[in-house]
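The structure under discussion appears below in the form of structure tokens.
The values are calculated or read from the model by the stated rules, or taken from the named source; none is laboratory data. Computed from a prediction, not measured in an experiment: that's the story for all the values here. Methodologically, a virtual Cβ is constructed for each residue, glycine included, from the backbone with ideal geometry; neighbour enumeration extends over all protein chains shown. Side chains included, ligands, DNA and RNA excluded: accessible areas come from the protein's heavy atoms. Shrake-Rupley method; radii C 1.70, N 1.55, O 1.52, S 1.80 Å.
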Amino acid sequence: MSDPPSRPPPWRALARALSRWVDAAGSTGRALQGGLSLLVPEAPLELRIAGRVLLHAAVVGLLAGVVGAAFFAALELGQRVLLHGLAGFEPARARGEVVVAAAKTAAFRPWLLALLPAAGGLVSGLLTSAFAPEAAGGGGDATIEGYHRGGLFRWRVVPVKFAAAFAALSSGGSGGREGPTMQIGAAIGSVAARLLPTSRRERRVLFVAGIAAGIAAVFRTPLGAALLATEMLYRDDFEADALVPSILASVISYSVVIAAFGETTLLGLSLRFPFSPRQLPLFAVLAVFVSLAAVGFVRMLRAVQALSRRTPGPRWLRPALGGLGAGVLGAGIAVALGAWLGPEARGFGVMGGGYGTAQVAMDGAPWFPAGWQLVALLLAMAAAKAIASALTIGFGAAVGDFAPSLVVGALVGAAFGYAARAAFGDPGIEPAAFALVGMGAFYGGVAHVPLSALVLVAELAGSYDLLVPMMLTVGISYVALRRWSLYPAQPRSRATATGGASDVLRQALARPAAELLVLPDLPDFPEEAPLSAVAAASAGTSQRVALVRGADGRPRGLVDLALLGALDPAELGWTRAADAMVPFAALSPSASWRDAIAALHRHGLPQLPIVQAGAVLGWVGERELARAALELELGATPPLAPASGEPG
């Protein structure tokens with residue numbers, strides 16, 4: 001007796017429903033494209049393809065903006081309930097962070113404050129270990145890895161990263177929300193690219209556009225987010241093709257957020273910083289101190305990550321251990337500051353993202369100690385923030401390393417500014433200016449994103465007054481930190497991007513490509529077949545390339561089906577398969593993954609047939625290779641290349 005057929009998982013039914021909705025939306029988009037072609041009939045094919053990419057990037061930006069706005073508001077509400085309502089702790093907040101009205105303050109419970117990050121870390125570890133291991137940790141490095149593995153994230157990364165980051169951050173975990181939304185946005189771009197009619201190049205572009213939209217949603221820096229998304233992928237290069245779509249996705253995501261919460265910068269500053277050439281030597285010295293702090297932070301993070309790998313016990317328990325260490329440190333700082341400087345100083349600590357701590361360091365506070373005591377306090381707080389963030393991120397909680405980098409840089413910069421003012425007795429030295437420049441120098445150097453850091457910090461503060469000193473400081477830190485990187489997955493350039501593959505993926509390159517083949521489900525076409533017939537027959541197939549045969553029955557060429565979406569119905573009727581085909585190319589049954597990758601890149605096609613004795617055995621493309629590589633890297637159990645081609 002045969003076993004009853006297993007029921008498909010509910011996510012697959014959801015994917016089918018979403019795919020049908022996207023098909024309907026795609027039909028509407030094609031109708032709009034047809035109408036536009038009547039207005040501009042002479043528009044070249046490349047321009048229409050670019051327009052389609054921008055349309056898709058707009059969709060990604062809208063989705064990422066909605067998810068990012070929900071994530072931002074949920075975190076604010078969660079922190080109000082857990083930290084404020086239960087533990088009686090009110091962390092310092094930047095002026096642009098408050099979106100939920102404060103409730104009545106509970107009694108301060110330091111013991112509960114110390115335990116909350118451990119509970120949040122436990123929930124975060126359980127979620128990522130059970131459903132999406134790639135969602136653990138900061139998110140930035142995993143996003144870069146995902147891009148260089150073909151721009152592929154599983155759809156489940158979106159809800160898992162959202163929930164895991166919410167649990168860790170709302171309970172006071174020391175980390176940022178930009179890393180999680182960066183990965184969530186990339187996953188949205190990846191899923192959208194697999195559901196929408198896209199080519200290989202367009203899928204990678206949408207992945208980057210999703211990164212930009214995710215950052216803009218919570219950081220509210222649309223131009224800086226777009227630049228960062230294209231610059232962070234390499235140490236010495238950037239993804240120029242994705243810049244304009246990233247800007248569009250970032251602007252739309254930003255617009256969604258400000259429509260919900262109002263237009264404001266994250267850091268509100270009332271000061272102006274006029275340019276003073278005589279202070280440039282001080283900014284140059286600041287770059288050295290910030291670079292040393294960045295090296296210390298990276299080394300500490302790597303040491304904690306190594307300790308986490310050696311820690312016995314289940315992986316899901318490790319974020320709870322890191323959260324416990326960070327919670328005890330944060331609660332101890334709150335108690336000590338309250339006893340020394342008064343209850344108002346408790347929030348000046350290491351819990352959460354830390355932008356409020358940076359805001360207080362720049363604005364000053366009535367309870368600040370005077371002179372060199374304040375310098376010592378700021379440096380101690382920078383060290384504590386680095387330790388707490390290393391414990392939280394290094395042990396695998398789903399929080400970002402973006403915000404801690406900026407906050408530590410701001411605290412070091414503010415301490416340097418106060419020290420310079422005390423040493424030289426010059427009231428014209430503004431510590432807030434050095435704090436902002438320290439932000440850009442720290443992250444721009446250690447993440448190898450100098451241009452993005454300049455624009456990001458300027459947009460954060462809503463002022464370009466410090467552009468010149470920041471250019472000097474970021475330039476020095478960028479050179480000084482060449483051997484150190486916050487993101488180890490960064491290849492040096494596009495030319496060396498394949499050199500960063502893991503051992504698992506390197507071994508996989510020798511495996512036979514035939515094990516990934518998708519069975520043919522599209523007939524071959526004669527050269528004289530109209531493209532309308534090719535388009536009609538290709539609906540719902542897993543093939544992304546059609547085979548064209550000559551009158552003698554031999555293969556003559558291949559047609560990339562993604563190009564058909566860029567043609568209007570009139571063109572599909574009178575254009576023949578021979579007009580759209582490229583020369584025939586194929587893989588042998590003995591071809592390896594490496595051979596397939598090289599051939600796909602050489603011919604610029606999303607799929608190639610595997611041919612034996614003149615017969616097509618199946619098709620292998622970048623989607624199959626990327627999915628297989630992801631499954632191998634994650635050790636997941638689903639089949640490597642489902643014949644249906646559905647997203648997983």
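Tabulated data for the structure shown
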| read-out | value |
| --- | --- |
| Residue pairs meeting the criteria (Cβ under 6 Å; at least 6 apart or on separate chains; first among the hydroxyl-bearing types (Ser, Thr, Tyr), in region 587-609; second in a loop (DSSP other than H, G, I, E, B) and surrounded by fewer than 15 Cβ atoms within 10 Å (Cβ to Cβ)) | SER592/ALA510 |
| Single residue of LEU223, LEU266 found to be modelled with pLDDT of 90 or more, aliphatic (A, V, I, L, M) and over 23 Å from ARG627 (Cα atoms) | LEU223 |
| Criterion: open to solvent by 50 Å² or more (accessible area, probe 1.4 Å), outside any loop (DSSP other than H, G, I, E, B), out of contact with any Asp or Glu (no Cβ under 7 Å at 6 or more places or on another chain) and modelled with pLDDT under 90 - qualifying residue of GLU145, GLU90, GLU134 | GLU145 |
| Subset of region 350-383 (residues that are on the phi < 0 side of the Ramachandran plot, small (Gly, Ala, Ser) and open to solvent by less than 10 Å² (accessible area, probe 1.4 Å)) | GLY356, ALA358, ALA361, ALA382 |
| Residues (in a loop (DSSP other than H, G, I, E, B) and modelled with pLDDT of 90 or more) located in region 458-483 | LEU481 |
| Any hit, region 519-536, residues being at pLDDT below 85, out of contact with any helix residue (DSSP H, G or I) (no Cβ under 8 Å at 6 or more places or on another chain) and crowded, with 19+ Cβ neighbours inside 10 Å | no |
| Candidates ALA397, ALA386, filtered to the one that is in a helix (DSSP H, G or I) and either under 21 Å from PRO274 (Cα atoms) or not aromatic (Phe, Trp, Tyr) (or both) | ALA386 |
| Verdict on VAL298 being of a type in the set (Val, Ile, Thr), open to solvent by 30 Å² or more (accessible area, probe 1.4 Å) and at pLDDT 90 or above | no |
| Considering residues of region 154-208 that are among the basic types (Lys, Arg) and in a helix (DSSP H, G or I) only, the residue least open to solvent (accessible area, probe 1.4 Å) | LYS161 |
| Residue in region 635-645 that is modelled with the highest pLDDT, counting only those that are open to solvent by 40 Å² or more (accessible area, probe 1.4 Å) and of a type outside the set (Ser, Thr, Tyr) | GLY635 |
| Members of region 421-457 found to be surrounded by fewer than 20 Cβ atoms within 10 Å (Cβ to Cβ) and in a helix (DSSP H, G or I), listed by number | ARG421, ALA422, ALA423, PHE424, LEU451 |
| Condition check for LEU127: assigned to a helix (DSSP H, G or I) and open to solvent by less than 40 Å² (accessible area, probe 1.4 Å) | no |
| Number of the condition not met by ALA386 [criteria: (1) surrounded by fewer than 24 Cβ atoms within 10 Å (Cβ to Cβ); (2) under 23 Å from the mean Cα position of the chain (by Cα)] | (1) |
| Residue selected from region 590-624 under the condition closer than 15 Å to PRO512 by Cα and over 37 Å from the mean Cα position of the chain (by Cα), by the criterion most open to solvent (accessible area, probe 1.4 Å) | GLN612 |
| Close pairs from region 151-174: first on the phi > 0 side of the Ramachandran plot, partner polar (S, T, N, Q), Cβ under 8 Å, at least 6 apart | GLY151/SER190; GLY172/GLN79 |
| Unmet criterion (only one of (1) at negative phi; (2) over 14 Å from the mean Cα position of the chain (by Cα); (3) basic (Lys, Arg)) for ARG220 | (1) |
| Matching residues, region 265-290, being farther than 22 Å from VAL446 by Cα, open to solvent by 40 Å² or more (accessible area, probe 1.4 Å), part of a helix (DSSP H, G or I) and of a type outside the set (D, E, K, R) | PRO277 |
| Residue list for region 458-474, filter: touching a helix residue (DSSP H, G or I) at 6+ places or on another chain (Cβ under 7 Å) and either open to solvent by 30 Å² or more (accessible area, probe 1.4 Å) or among the basic types (Lys, Arg) (or both) | GLU459, TYR464, LEU467, MET471, LEU472 |
| Counted residues, region 115-149 - those being over 20 Å from ALA186 (Cα atoms) and without any contact (Cβ under 8 Å) to a residue 60 or more places away in the chain | 1 |
| Selected residue [under 23 Å from GLU202 (Cα atoms) and modelled with pLDDT of 85 or more] from ALA591, ALA566, ALA596, ALA580 | ALA596 |
| Matching entry among GLY330, GLY347 (being closer than 30 Å to ARG80 by Cα, in contact with an Asp or Glu (Cβ under 6 Å, 6 or more places away or on another chain) and either assigned to a helix (DSSP H, G or I) or in contact (Cβ under 8 Å) with a residue 24 or more places away in the chain (or both)) | GLY347 |
| Counted residues, region 93-126 - those being among the hydrophobic types (A, V, I, L, M, F, W, C) and modelled with pLDDT under 90 | 10 |
| Identity of the residue in region 223-241, more than 14 Å from the chain's Cα centre (by Cα) and assigned to a helix (DSSP H, G or I), that ends up nearest to TYR443 (Cα to Cα) | LEU223 |
| Within region 537-562, tally of residues that are within 34 Å of the chain's Cα centre (by Cα) and either in a loop (DSSP other than H, G, I, E, B) or surrounded by fewer than 15 Cβ atoms within 10 Å (Cβ to Cβ) (or both) | 6 |
| Region 569-589, subset of a type in the set (A, V, I, L, M, F, W, C) and in a helix (DSSP H, G or I), residue most open to solvent (accessible area, probe 1.4 Å) | TRP574 |
| Test result for VAL457, in contact with an Asp or Glu (Cβ under 6 Å, 6 or more places away or on another chain) and among the aliphatic types (A, V, I, L, M) | no |
